[in-house]
Structure formats: structure tokens, C-alpha cells
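Asks: Below: one structure in C-alpha cells.
The values are calculated or read from the model by the stated rules, or taken from the named source; none is laboratory data. Model, not experiment: these values are computed from the prediction. In this analysis, Cβ positions are derived from the backbone assuming ideal geometry, glycine residues included, and neighbour counts consider all displayed protein chains. Protein only, heavy atoms only, side chains kept; ligands, DNA and RNA dropped before computing areas. Shrake-Rupley method; radii C 1.70, N 1.55, O 1.52, S 1.80 Å.
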Amino acid sequence: MTQFIYGLLLYIFLMLPPVAALFESMMITHMHMQMPMLVISGFLMSGLLLRRSHLFLEKWNHNGIPGITLFMMIMIYWTIPRTMDEALTMQTMEIWKFISLPFLAGVPLRDSWKKLTKAWKNFIIFIFTVKYFGMGALYIWSEESLCNNYLVIDQLTLGWGFITTAICLVIYLVYAFSVNPSDYE
Amino acid sequence: MDAAIEQNRRAAVISEKKNKVLGVCLEDARISKSYLAVAFVALLLGGLLGLLQGLNRAGVLELPAWLNYYQILTAHGLLLVVVLSAFFTIGYFYAGLSHTLGGLLPKVRKLAWIGFWTKMVGLVLVVVPVLMNEASVMYTFYPPMAAHPVFYFGLVLVVLGIWILATGAFINVAHWRKNHKGQHLPILAFFATGVFVLLVGATAFVAVEVLFMIIPWSLGWVETINVMVARTLFWAFGHTAVNIWYLTAVSAWYVIVPKIIGGTRWNDYLTRVVVIALVIMNITGGFHHQIVDPGISLPIKFMHVFMSLAIGFPSLMTAYAMFRVFERTGRRKGGKGALGWFKKLPWGDVRFLSPFIAMAAFIPAGAGGIVQSTNQLDQVVHNTMWIVGHFHLTLGMSVVMTFFGISYWLVPYLSKRVLTPQMNKLGIIQTIIWTVGMVIMAISMHAAGLFGSPRRTSFTTYGDFAETLGWNPLMTAVGIGATLLLIAVILQVYAVFNMMFFAPKGEVEFPIAEIEQDEAPTPYMTERWGIWVVVMLIVIAMAYVLPLTDMIVNAPPGSPPFKTW
């Protein structure tokens, strides 16, 4: 219950117009802060929701693959430049962002992550690493403005945000593959 | 649950027995003693230079042309902020690693000596240009002021030395963990791990600044430098460095002080959470040192206020934890009523009194820090003596007084000598003089700053301008404070070398407090340093990508080197 309240408070905080306006005023904070925080708010709230829908999830997401697939689809969808543009110009898309990220990405992530094997978890992180390098390259080298609402410098910054995050993920993967936990635990 | 509690109890008994049997390893002690000796010699020299500065600012001492104010200011900062703090931290934590992990590995010992001499050579290379008045750039060495290139080569060696020492510490910790599968790292070694992770993270930024920006520029290979980027990289290091010394002091508050007062440690799990939180969130706090810098947009500054204030959270946890430990211990010793426990604390023991005053000083020091993280308030005080007062409270009291308190048991422990009652008394006197001196100095600096007295400026009456003459009484008080502080420095340095070489032989304990017997076991996740380091890196990326890209892409015209002195 405590987690649900924290998640809900975070969700409401992110919805406050000045907060949303601040995050959305910069491309990188829009994609790399507001969006992950929406996922986290859903992740925190989902404990209570998942307990109520235990049987449904057991039937449809017993090995975690469907849930993580849904999570990936939503996450990839929101890295497309056009979707960010639309979220800023169309009210319905903004509402869709505030519903899809917490409830269709955060909730299934929580239910699926613990069910996945270690190999699957690392595979998912690997996919994100490749995607982040790719998106970083796209945003850095694209000479044209990919979003109508942001300047080229915004897009360049976001590109470097992707690259640095991808480097962090690579460091994690190297750590995961080179250090054997059974040597220490 | 009961089994876990029993396991905790057994671990405590075993660690107590091990300490009694093993005592201090002489080879390891030599390493720590060397670091401590350099640290306290630096204190003596830095303190002396501090007095010269204080007397100059008080208007009673005109410095000769061959040793000017800015030279002294640079040397004072470097000796105390970089040498004293870094050498003490390393000496203390290497002693802690040796004690809690059952001795240093031979290769780690070798690394510690290589690191020591690398740092010493670096130090000489830094100091010589300062003495020759070729590097009066102050310890922040901001471009566009440019020192002699040798100064920067020295800095590179100092950083290299730190990396060698961090590598040694990590090797020892990994070795211990391989041989103690599933166990939690002893708490002091846990703090040491956090500190060395931060040292590597922080110095990486300054290494990039010095190697790729400043050295080519000072050698004339490139004509100009991007000042904003250099400042940003410096403060990612500078702020973290300050917090590393603070985390070192905090380790003594959590681990050592409870044992000295005869109590038990604060909850092990929460202690480790505080360390992890400080490690993850620290480096990004550097940005608040640039909160009045031009060329950084307001939304970015606004976000960074959150990142800075976030560091306040584990500090508040620490404040709560410390007073809870004091209260619990005082009550067990029979303290009654709301404040009766306070009287039961060992006020006559310098090993407690000094760190306690250090903690108490952190209340106004931390509050001042929060003030300075706030853009509007910082605009009033940023380039004034207020800031100087602030870091004399944080470093000069909270950190250094804890270091002094540590020295009164660590030096005798390492030297196989004892802390005599006379030395304890001298320590108490030294603590009181230092406290009085620092309180006088810090308060007058804060006040002078509020009236507008600038920092980094030698004495001037501004053509006897009435408004600025009003600062003079406050600056006289700074001079009085500095005089008292030098007396305390002399007593402290005398105490350290007396305990190292002349005190009566004997055995003293390395005071590490145990956990409460009925404490629930700490989850193993606290030991997964690989994950915490990745989280730290992601937080750093979140904080720095945005402003740095802007500073590089929309760079102002670069600056050629300047020699302003």
C-alpha cells in the first residue's frame, strides 16, 4: 500500500502542469526523465493492482514474455520522434502518454521482470543497449530537425543522452558477464 | 530470524577475538603512519600560511613581494584541502582495511607505496611552481588563469597516485569477499569502498579537464580553452572531493564514535544505505558550485537544486542516527528524563569530544550549504567571505575535528603506544582552542560576507571608503581566530608526533562498534557495488549531458591563458 501511495503521488506530481511543462520544455528531460518516471510511478503502483489480477496474469503472463513484449513495444513507441511531437501538440496523445507509460509499461514490467530468467533479463538490456546506440547515432548525426517542437541542439543533447546511457548499460553487461556472483555470494 | 540474530552475535564475538589476536600488522601500520605523517606536516604548514593570510586580511601584516597573498592562498588551499584531507583519508582507510579484512595483501601493500611516492612526486611538482610564484591560481585552478605547466603535471601524478591506491583497495576488498562468500563487507571497509569509488569517479573528471584541456592550453599547443566546460569538470571533482572527506568523517561517526561512548552502532542496513546514497548522488552535486555562473539556463539550475538537496537527505539520516545512538547509549548508562542521557556521554574523552563538536558544527554548516544551493540566496553571498566561512565550518570543523579525534586513537594504535591521560588532556585543550578559534573565524567570515566583503582578495581599504571600512572589525576577528587556530595546530601536530614516536609503549584497540544483538540481518543487495556504480554513472549522465552539450556546441569564444598575478 505504501508503494502504491508513493507511486500515485509521483504520478500526480508528474501531471501537475508546471512540472509537465518543465520536463517537456527540454527534449532530453522529456524522454529521459519524464517518461522513465512515469514508468516508475506505474511500477510502484502496480503492486496493489497485480495482486487483484493475479489469476489473469497467471494465465496470460506466466513466463513474463508477453508482459515484457508489451513493455518493449510501449517504450520503443515513445522513442519515435514523431510521438513526442504529437504528445506536445495533441491533447489526446498527451493523455495516451500518461496512461500508456505507467499502466502498459510500468505495470507489465513489474509483473514480468521477476519471472524472466537471467539470460532473458540480460537479453532485454542488450536490446536496449543496441537501440540506444542506434537512437543516439540518429539524433546526433541527423542534420535536420526530427521534432517540430525542439531545436537541433535539443536533439543533439538527447543523442548524447542515449549514447551515455548505452555506455552505462554496456558497463553493466560487462560486469554481469565478467563477474560470477557465486564467487562472492 | 533467530538464527540470523545468533549469526550476528557470533560474527561480533569472532571479530572481537580476531582483533585481540591479530593486533596491528606492522608493515601495514608503516603505510598508514607515512600517510598520516604527511597529512599532519601539511596541517602545520597550511595552518601557518592560514595565519599569515588571516593577519593580512586583518590589516596587521603586509606580505613581502616575494611571498604574496595569492601565493599563500593557493598553497594554504592545496595543503589543507588536497594534501591533509587526502593523505589522512587514505591513511585512515588503509588502516581500516588492514584491520577489518585481516591485513593488506602483499601486492596491495606494494601498490600503496607506489601510490604514496607517485603522490609525493606529484606534490613536489605542484608546490615548486607555487613557491616560485608561477602558479598562484588557487586550489581551484580555474582557467583562464594559467599556471606553469609543471603544476598541472604534478596534479596528474597526484590523481594517478589516487587511482593506484583505489585499485589496491578494490583488490583487497574483492579478495576478502572471495574468501568470505555471502558475508557482508565489514562496515569500515564498506565505507572505504564507497570513498574509493567516489575518488575514482571524481578524479576522472579533473583528469579529463587537466589532460585534455588545460595541459595542451598551458603548453601553447592550443590557443584557447572553453572556460565553462573546464569549470564544470572541475566542480564535478571539487564538490565530490569535499564530500569524500565528509564521508570519511561520517564513517567515524557511524563506526568508531559509538564504540568510544560504550554503545552499539546504528542499524547496519540503514548505515549502508546512507553510504550508497551518498556515492550515487554525490558527483552531480558539483553543479551547485556554478549556480551563479552565466551561460547556464535557469531550468537546468533549477533541476540541479533538486540534485544538490538530494544529498541533504542522507545527511539528515545521519544526524538522526547519531543522536539516536547517543540517546540509546546514555539511557543504558542510566541517564534519566528528556536530556539526562546527554550527561552520561564521555565528555572528558578527546576521542569523543572532538568528533562530537564536529557533528554539532555540521548543523549550521549543512544549513549554510542549503542556503548556497539556492540561486537567489547564493547571489547575495557567492563571491564573498560567507563562502570562506562556510567551508571553514564544513571542512575546518566537521571534517578536520573528526580527523583530530581519530588521530588520538589511530596513531597510538598504529605505533603500538598508548594515549596517556596527559595527552588526552592536551587533546581536550587543543579541541577547545580549535573550536573557539574556528567559531570566531567562521562567524566573522559569514558576517563580513553578508556585508559584501569579497573572498580571494588581499587586504585593502578601498581608498578608505567608509562602507568597506566597516568590514575591518570583522576581519580583525578573523585574524584573532586564525591565531588561536595556529596554536591548536601546533598542539595537534605535537600530539600526533608524540603519540607516533615518544608515548609509552602499549596496546590500544581499534574501536569498531558492534551492531545491536537483536538486529535483523542486512539484505545482501547492499553488497552489489557493480550495480551501484552503474546507477551512479547513469545519474551522472542524466545530470551532465544536457549542460555539457550546450556548453560545447554553443561555446562562447575560448580564452587564451592569463597570468593575473
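Asks: Could you please state, rounded to a whole Å, how far the C-alpha centre of segment B:376-434 is from the C-alpha centre of segment A:48-73?
Replies: If we compute the Cα centre of each part, the gap is 56 Å.
Asks: Still on this structure: If we sort B:214-222, B:293-301, B:243-251, B:537-545 on the protection proxy, mean other Cβ atoms within 10 Å, highest first, what's the order?
Replies: Listed from highest to lowest mean packing, they are B:243-251, B:537-545, B:214-222, B:293-301.
Asks: Using the basic label-point model (7 angstrom from Cα toward the beta carbon), what is the B:W347 to A:L138 distance in nanometres?
Replies: About 6.9 nm, to one decimal.
Asks: Taking only the alpha-carbon positions of the protein assembly as shown and ignoring solvent, what does the Debye formula give for the base-10 log of I(q)/I(0) at q = 0.08, 0.09, 0.12 Å⁻¹?
Replies: -0.72, -0.91, -1.50
Asks: From the convex hull of the Cα coordinates of segment B:217-311, what is the mean projected area in square nanometres?
Replies: Orientation-averaged projected area of the Cα hull: 8.5 nm².
Asks: Probe 1.4 Å, all protein chains in place: accessible area of A:S46 in Å², nearest 10?
Replies: 0 Å²
Asks: While we're looking at this one, here's another question. With only Lys, Arg, Asp and Glu charged, each at its Cβ (+1 for the first two, -1 for the last two), find how big the charge dipole of segment A:2-183 is about the Cα centre; round to the nearest 20 debye.
Replies: Charge dipole of segment A:2-183: 840 debye, to the nearest 20.
Asks: Further question on the same structure: Can you list the equivalent-ellipsoid semi-axes of chain B, largest first and in whole Å, using the square root of 5 times each Cα gyration tensor eigenvalue?
Replies: Rounded to whole Å, the semi-axes are 37, 28, 24.
Asks: Provide the packing ranking of A:67-73, B:233-239, A:80-86, i.e. peptides ordered by the mean count of other C-beta atoms within 10 Å per residue, highest first.
Replies: Sorting A:67-73, B:233-239, A:80-86 by mean packing, highest first, produces B:233-239, A:67-73, A:80-86.
Asks: Step through the table entries B:K33/B:K178; B:K107/B:K178; B:K259/B:K343; A:K59/A:K115; B:K259/B:K344; A:K59/A:K114, compare each Cα-Cα distance with 20 Å, and write down the pairs that go over it. All intermediate terms of the calculation are to be shown ahead of the outcome.
Replies: Working: B:K33/B:K178 28 Å; B:K107/B:K178 17 Å; B:K259/B:K343 17 Å; A:K59/A:K115 13 Å; B:K259/B:K344 14 Å; A:K59/A:K114 16 Å.
Beyond 20 Å between Cα atoms: B:K33/B:K178.
Asks: If I take the Cα coordinates of segment B:58-118 and project them onto the principal axes, what are the three extents in Å, biggest first?
Replies: Largest first, segment B:58-118 extends 54, 22, 10 Å along its Cα principal axes.
Asks: Additional query: What does the average come to when, for each residue of peptide A:26-33, you count the partner chain Cβ atoms lying within 10 Å of its Cβ?
Replies: 3
Asks: How many times 2.2 N^0.38 Å is the alpha carbon radius of gyration of segment A:2-183?
Replies: 1.08
Asks: How big is the charge dipole of chain B about its Cα centre, in debye rounded to the nearest 20, if each Lys and Arg gets +1 on its Cβ and each Asp and Glu gets -1 on its Cβ?
Replies: That gives chain B a dipole magnitude of about 1720 debye.
Asks: Let me ask something additional. Along the positive direction of the dipole of the protein assembly as shown (beta-carbon charges: Lys, Arg +1; Asp, Glu -1; about the Cα centre), which of B:T89, B:G481, B:T549 reaches farthest?
Replies: Positive-most Cα among the choices belongs to B:T89.
Asks: Let me ask something else about it. Using amide H atoms built in the peptide plane, which far-off residues or other-chain residues are under 5 Å from B:I225 H to H?
Replies: Distant-sequence amide H within range of B:I225: B:S559.
Asks: Could I ask something else about it? Explain nothing, just the number: dipole magnitude of the protein assembly as shown about its Cα centre with +1 on each Lys and Arg Cβ and -1 on each Asp and Glu Cβ, in debye rounded to the nearest 20.
Replies: With only Lys, Arg, Asp and Glu charged at Cβ, the dipole is about 2540 debye.
Asks: With angles folded into 0 to 90 degrees, how steeply does helix B:350-372 sit against the dominant principal axis of chain B? Use alpha carbons for both and round to 10.
Replies: The helix B:350-372 is inclined about 40 degrees to chain B.
Asks: Continuing with the same structure: Calculate, in nm to one decimal, what B:I114 and B:L316 gain on full extension: separation in residues at 0.36 nm each, minus their alpha carbon distance. Provide the component values of the computation, followed by the final result.
Replies: Numbers: separation 202, 0.36 × 202 = 72.72 nm, distance 3.82 nm.
Length difference between fully extended and current span is 68.9 nm.
Asks: Can you divide the C-alpha Rg of segment B:124-240 by 2.2 N^0.38 Å and report the result to two decimal places?
Replies: Its radius of gyration relative to the 2.2 N^0.38 Å reference: 1.30.
Asks: Follow-up. With a point put 7 Å past each Cα toward its Cβ, work out how far B:R528 is from B:Q376 in nm, to one decimal.
Replies: It works out to 4.3 nm between the two label points.
Asks: Would you kindly work out the equivalent ellipsoid of segment B:358-517 from its C-alpha gyration tensor and give its semi-axes, the square roots of five times the eigenvalues, largest first in whole Å?
Replies: Here the semi-axes work out to 38, 20, 10 Å.
Asks: Taking the mean number of other Cβ atoms within 10 Å as a proxy for protection, how do you rank A:132-142, B:497-507 from highest to lowest?
Replies: Averaged packing, sorted descending, gives the order A:132-142, B:497-507.
Asks: When only C-alpha pairs under 8 Å and at least 6 residues apart count, what is the relative contact order of segment A:2-183, in percent?
Replies: This gives 24 percent for segment A:2-183.
Asks: Rounding to the nearest 10 and keeping the result within 0 to 90°, find how far the Cα-based axis of helix B:26-57 lies from the longest principal axis of chain B.
Replies: Helix B:26-57 and the main axis of chain B meet at about 40 degrees.
Asks: Right, next: Using the Cβ atoms and a cut-off under 12 Å, what net charge is assigned to the surroundings of A:G47, where Lys and Arg are +1 and Asp and Glu are -1?
Replies: Charge balance in the 12 Å sphere: +3.
Asks: As an exercise, find the ratio Rg/Rh for segment B:516-565 from alpha-carbon atoms, using the Kirkwood inverse-distance average for Rh.
Replies: 1.40
Asks: Let me ask something additional. How much length would be gained if the chain were fully extended between B:L67 and B:I490, taking 0.36 nm per residue of separation minus their Cα-Cα distance, in nm to one decimal? Each step should come with its number before you reach the end.
Replies: Numbers: separation 423, 0.36 × 423 = 152.28 nm, distance 2.23 nm.
The span from B:L67 to B:I490 would gain 150.1 nm if fully extended.
Asks: Still on this model: What does the charge add up to near A:E94, with Lys and Arg as +1, Asp and Glu as -1, over the other residues with Cβ less than 11 Å from its Cβ?
Replies: -1
Asks: Can you compute the helix-only [θ] at 222 nm over chain A? Use -39500 (n - 2.57) per DSSP H run of at least 4 residues, normalise by all residues, nearest 500 deg cm²/dmol.
Replies: It comes out at -24000 deg cm²/dmol, rounded to the nearest 500.
Asks: Another question, then. Taking every residue in A:164-172, how many Cβ atoms of other protein chains lie within 10 Å of its Cβ, on average?
Replies: What the average comes to for A:164-172 is 5.
Asks: Next question. Once you place label points 7 Å from the Cα toward the Cβ at B:M132 and B:F323, how far apart are they in nm?
Replies: About 5.4 nm separates the two model spin labels.
Asks: Expressed as an acute angle from 0 to 90° and rounded to the nearest 10, what is the orientation of the C-alpha long axis of helix B:227-251 relative to the principal long axis of chain B?
Replies: With both axes taken from Cα atoms, the answer is about 30 degrees.
Asks: How many partner chain Cβ atoms sit within 10 Å of a residue's Cβ in peptide B:543-550, on average, as a whole number? Before the final figure, lay out the partial values.
Replies: Details: counts 0, 2, 11, 11, 1, 3, 10, 5.
Other-chain Cβ atoms within 10 Å of each residue's Cβ, averaged: 5.
Asks: If I take all pairs of Cα atoms in segment B:433-565, what percentage of them are more than 26 Å from each other?
Replies: Numbers: 5946 of 8778 pairs.
Counting pairs separated by more than 26 Å, the tail of P(r) holds 68 percent.
Asks: Okay, next question. Calculate the length of the line joining the C-alpha centroid of segment B:272-331 to that of segment B:145-170, in whole Å.
Replies: Spelled out, the Cα-based centre of one part sits 27 Å from the other.
Asks: If you take the beta carbon distance between B:A338 and B:V222 as r and set R0 to 60 Å, what does 1/(1 + (r/R0)^6) give as a FRET efficiency, to the nearest 0.05?
Replies: FRET efficiency, B:A338 to B:V222: 0.40.
Asks: How big is segment A:102-185 on each of its three principal axes, counting only the C-alpha atoms and giving the largest first in Å?
Replies: Taking max minus min along each principal axis of the Cα atoms, segment A:102-185 gives 49, 32, 15 Å.
Asks: At a Förster radius of 30 Å, what calculated FRET efficiency corresponds to the Cβ-Cβ distance of A:H62 and A:F13, to the nearest 0.05? Intermediate values should be presented prior to the final figure.
Replies: Numbers: r = 34 Å, r/R0 = 1.14.
Step by step, r from the Cβ atoms, then E = 0.30.
Asks: Okay, moving on. Please list the equivalent ellipsoid semi-axes of segment B:92-180, computed as the square roots of five times the alpha-carbon gyration tensor eigenvalues, in descending order and whole angstrom.
Replies: On the way: eigenvalues 237, 26, 18 Å².
Three semi-axes, in Å: 34, 11, 10.
Asks: Let me ask something else. Could you tell me which residue out of A:L44, B:A192, A:I95 lies farthest along the dipole of the protein assembly as shown toward its positive end? Charges go on the beta carbon: Lys and Arg +1, Asp and Glu -1, centred on the Cα centre.
Replies: Sorting the options by dipole projection puts first B:A192.
Asks: Here is a further query. Helix hunt in chain A: which complete DSSP H runs extend at least 15 Å axially by C-alpha with mean Kyte-Doolittle at least -1.0?
Replies: Qualifying helices, which must be both long enough and hydrophobic enough, are A:2-15, A:35-52, A:65-77, A:118-141, A:152-178.
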